1. Give the calculated FRET efficiency between residue 10 and residue 82 to the nearest 0.05, with a Förster radius of 25 Å applied to their Cβ-Cβ distance.
2. Computed from the mean reciprocal separation of all distinct C-alpha pairs, what Kirkwood hydrodynamic radius does the range 13-102 have, in Å?
3. Could you line up 66, 39, 61 from fewest to most neighbouring Cβ atoms inside 10 Å?
4. Please arrange 87, 59, 11 by how many other C-beta atoms lie within 10 Å of their C-beta, fewest to most.
5. Multiply the residue gap between residue 90 and residue 43 by 0.36 nm, knock off their C-alpha separation, and tell me the result in nm, one decimal place.
Amino acid sequence: MAAADGHSYDSRQKTCFIIPAVITIVAIITYAARVFTRVKIVKIFGPEDWLCLAAVCASIVLTALVFAETYYGMGLHITDINPATASTMYRVGISGALRDRTT
């Protein structure tokens, strides 16, 4: 929907939910296939497999943070965000950004 000034202010919240969810699901499936291969076929589960598990866990945490941020207003136009929840949205976003910089 276009506003009088010609800009589109449609919500992008569905996109903010779908993309991280799909990427995380693909990561989990890929890791599960790796674990199956390493345990059943190669019969060696090494330190790199534990690092992959840590990466999948970090992806799940980040996806949860994105979901929380979206719940509080990410994906909406700035004029549609509830001022009471905006500070929570920004705090959740900052915690996700800090997590990205420390991993």
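1. On the way: r = 18 Å, r/R0 = 0.71.
Calculated value: 0.90.
2. Every distinct Cα pair counted, the radius reaches 14.8 Å.
3. Taking fewest neighbouring Cβ atoms as first place, the list is 39, 61, 66.
4. So the ranking, lowest neighbour count to highest, is 87, 11, 59.
5. Values: separation 47, 0.36 × 47 = 16.92 nm, distance 4.54 nm.
12.4 nm is the gain from fully extending residue 90 to residue 43.
The numbers here are math on the coordinates, done by the rules we state, and not lab data. Just so it is clear, the model here is predicted, and its values are computed rather than measured. Counting neighbours? That spans all protein chains shown, and the Cβs are built from the backbone with ideal geometry, glycine included.
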